[in-house]
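What follows is one structure encoded as structure tokens, with my remarks underneath.
Nothing in this text is a laboratory measurement; each read-out follows from the coordinates by a stated rule. If you're wondering where the values come from, they're calculated on a predicted model, not measured in any experiment. Cβ sites come from the backbone with ideal geometry, for glycine too, and all protein chains shown count toward neighbours.
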């Protein structure tokens with residue numbers, strides 16, 4: 001049995017958390033490696049992913065979008081078609097099953113826009129676990145319907161009033177709760193962030209996205225795509241998308257961060273493109289911070305990307321040069337949102353719209369026999385209100 | 001009169017040929033001899049403001065604190081409960097940071113010989129530079145360092161740098177720590193071992209001292225190093241309950257709450273904080 005795989009990706013990662021939860025991280029690590037080598041666990045996970053989540057999700061050729069842009073052919077990995085409308089559930093089902101194996105009766109999670117909260121509440125309802133979701137008070141106002149959705153699923157949503165009252169502080173509060181109730185509680189982190197072994201576990205539960213892309217692309221087109229593009233906040237859909245392609249050196253992998261109002265304005269969430277090395281939420285990675293190491297608030301129109309850190313494996317892949325990280329602004333993401341709606345009849349999540357916006361930038365410069373896969377990490381129903389407000393603000 | 005006793009400890013530990021970390025440890029052994037507990041008071045640098053917090057430290061010294069733990073505020077203090085979170089935020093708004101906290105420590109050390117510990121989350125230290133931080137702490141006459149989010153798996157580098165400077169290093173142990181972990185952690189300690197009373201954040205309610213007792217017994221079985229109990233110590237009653245099991249007591253949130261309540265008037269704030277600390281001190285004897 002493999003016991004301790006490296007807690008690091010190069011120099012990034014690690015376990016910078018209070019001692020109280022260290023034994024729980026050890027337990028989680030051990031249980032996780034036992035589970036992934038257990039045929040029963042794999043069978044059970046696959047059963048729920050297929051019959052409950054609705055996997056595999058399609059790899060859809062966006063013909064009208066490709067024609068409109070002119071140039072490369074664009075394929076969409078439709079994670080928006082998962083149960084609950086985003087990729088988040090791939091991870092929450094897996095972690096809820098781990099919680100059951102560890103004999104924990106209660107799960108907690110942080111959430112920004114509410115997608116991970118909904119996915120956690122869903123898994124908790126499915127497996128009969130007690131569930132509390134920590135959500136910034138600001139975000140609760142912005143995402144009122146998702147709050148209600150979680151409550152309908154039987155979860156309790158705890159308003160977080162500290163700090164910036166957004167995802168960063170919801171994560172702090174979830175960690176504080178875990179430190180307090182660690183004996184009966186499993187903390188379901190929603191992205192490839194946090195202390196080891198979370199970045200590895202969440203990546204592994206999300207890598208099904210990339211594995212399906214490989215298989216489906218081979219069947220539909222043959223070979224591998226030239227470009228694969230995914231949005232990066234904490235970076236779970238991107239990590240899950242990229243991971244099975246890391247060794248396929250010919251495939252260009254592009255992670256798109258949120259440039260918010262523009263990197264130069266300082267109001268953005270581009271930790272990799274414009275941040276520096278530091279420790280946030282238990283992991284050493286690229287973060288947004290001031291000269292004294294205080295964490296700076298992030299900004300993005302998309303609540304799911306509005307986070308001042310990023311998964312440590314992304315930091316590693318950036319330094320290695322295996323993945324290229326770039327960013328697009330709120331405005332560009334909104335344009336891409338409208339573009340996909342009108343050409344394909346799909347409302348993408350504003351997070352995913354960032355990846356689309358970058359695809360729209362490069363597609364016209366490429367040839368018709370070039371292919372781009374964009375991971376559509378979630379659907380945009382949750383963002384309709386936000387897009388409406390943007391439109392009104394513009395005065396038309 | 002109590003503060004006179006402290007004058008007996010030499011200004012510079014190096015004069016006696018021992019490091020500051022060792023001197024810190026020595027203080028606990030001396031108290032053990034006379035069957036007294038070491039009282040450690042946490043205060044947040046820059047809260048309610050820079051000058052006020054400096055005065056509060058001197059107040060705590062006068063009232064009988066044996067060691068002061070000066071907290072460098074951090075934007076995301078995930079081991080702290082509401083009281084210290086709030087204090088940290090206020091201090092940051094007043095412009096406090098690691099560099100200013102080091103300056104403040106140096107200032108304090110000009111007025112009193114009391115052992116001073118700096119408490120900081122890891123990121124501000126990492127950003128400052130580990131070597132530079134410890135070097136500047138050494139120059140500021142600081143006696144030791146506490147980092148609440150640096151478990152033994154990650155502390156090797158900082159421990160070795162603090163040792164080079166002769167600074168104390170105070171690791172945390174928790175009721176969830178296994179015996180194996182306690183052994184590993186206690187080896188890194190120079191000064192004392194910070195025992196967290198209960199699973200939770202600072203200022204949590206201690207439901208029972210059972211966890212603390214078990215932890216103390218486990219530690220006794222593996223090390224002679226001094227131990228101090230912190231997190232959720234509300235007053236003299238708690239001090240008396242913890243006293244038979246530990247060499248020292250750490251009080252933070254309870255003091256911060258008093259400051260928050262009386263901060264509008266400095267005089268009454270000093271008076272209340274002073275009286276509270278005196279009452280803790282009595283319970284230490």
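Protection proxy ranking of A:63-72, A:107-116, by the mean of other Cβ atoms within 10 Å over each peptide's residues and highest first, is A:107-116, A:63-72.
The mean number of partner chain beta-carbon atoms within 10 angstrom of a residue's beta-carbon across peptide B:179-185 is 1.
In segment B:18-283, the ratio of gyration radius to Kirkwood radius, Rg to Rh, stands at 0.93 when only Cα atoms are counted. The tail of the calculated P(r) for segment A:87-179, taken as Cα-Cα distances beyond 22 Å, holds 19 percent of the pairs. Annotation: the residues A:334, B:280, sorted from fewest to most other C-beta atoms within 10 Å of their own C-beta, follow the order A:334, B:280. Would you kindly calculate the translational diffusion coefficient of segment A:206-316, applying Stokes-Einstein with the Kirkwood radius from alpha carbon pairs, for 10 °C and a viscosity of 1.306 mPa s, and quote it in µm² s⁻¹ without decimals? Taking Rh from Cα pairs, D becomes 107 µm²/s.
All Cα-Cα separations within segment B:140-258 were binned at 5 Å from zero, giving a P(r) of 2, 11, 23, 23, 20, 13, 6, 2, 0, each value a whole percent of the pairs. With a 10 Å cut-off around each Cβ of B:140-150, the average count of Cβ atoms from other chains is 2.
If R0 is taken as 51 Å, the Cβ-Cβ distance between residue A:125 and residue B:225 corresponds to a FRET efficiency of 0.60.
By other beta-carbon atoms within 10 Å, ranking B:260, A:257 with the fewest at the front produces B:260, A:257. With neighbours defined as other Cβ atoms within 10 Å of a residue's Cβ, the residues A:354, B:261 order from fewest to most as B:261, A:354.
Ordering A:264-274, A:169-179, A:8-18 by mean Cβ neighbour count within 10 Å, with the highest value first, yields A:169-179, A:8-18, A:264-274. When each of the peptides A:204-215, B:213-224, A:146-157 is scored by how many other beta carbons lie within 10 Å of its residues on average, the order from highest to lowest is A:204-215, A:146-157, B:213-224. For a Förster distance of 56 Å, can you work out the FRET efficiency between the beta-carbons of residue B:237 and residue A:331, rounded to the nearest 0.05? Taking R0 as 56 Å, the efficiency between residue B:237 and residue A:331 is 0.40. Considering only DSSP beta bridges where both residues belong to segment A:240-396, give the percentage that are antiparallel (nearest 5). Percentage antiparallel, nearest 5: 50.
Once the chain from residue A:320 to residue A:144 is taken as fully extended at 0.36 nm per residue, the excess over their C-alpha distance is 59.3 nm.
Each Cα pair under 8 Å and six or more residues apart adds its separation to the average, and for segment A:243-336 the resulting relative contact order is 34 percent. Label separation (residue A:224 vs residue A:161): 5.2 nm, computed from points 7 Å beyond Cα along the C-beta direction. Based on Cα contacts under 8 Å between residues 6+ apart, chain B shows a relative contact order of 22 percent. With N as its number of residues, segment A:180-237 has a Cα radius of gyration that, divided by 2.2 N^0.38 Å, comes to 1.52. Shape annotation for segment B:203-285: C-alpha extents along the principal axes are 48, 24, 18 Å, from largest to smallest. Partner shielding of B:151-157 amounts to 5, given as the average count of beta-carbon atoms from other chains within 10 Å of each residue beta-carbon.
Sorted from greatest to least, the principal axis extents spanned by the alpha carbons of segment B:173-242 come out as 30, 20, 18 Å. Plainly put, the protein assembly as shown has a radius of gyration that is 1.01 times its Kirkwood radius, both from alpha-carbon atoms, as the Rg/Rh ratio. On the beta carbon distance between residue A:393 and residue A:361, with R0 = 22 Å, the FRET formula returns roughly 0.35.
Within segment B:18-283, DSSP assigns beta bridges of which about 5% are antiparallel (rounded to the nearest 5). Name the shape class, rounded, prolate or oblate, that the alpha-carbon gyration tensor gives for chain A, where a ≥ b ≥ c are the square roots of its eigenvalues, rounded holds for a/c under 1.5, and otherwise prolate holds if a/b is larger than b/c and oblate otherwise. Rounded, since a/c falls under 1.5. Its DSSP H runs of at least 4 residues, each contributing -39,500 (n - 2.57), put the calculated 222 nm mean residue ellipticity of chain A at -13000 deg cm²/dmol, to the nearest 500. A straight line joining the Cα centroids of segment A:325-396 and segment B:254-285 runs 57 Å. Most simply put, the protein assembly as shown has about 20% antiparallel DSSP beta bridges, counting only bridges with both residues inside it.
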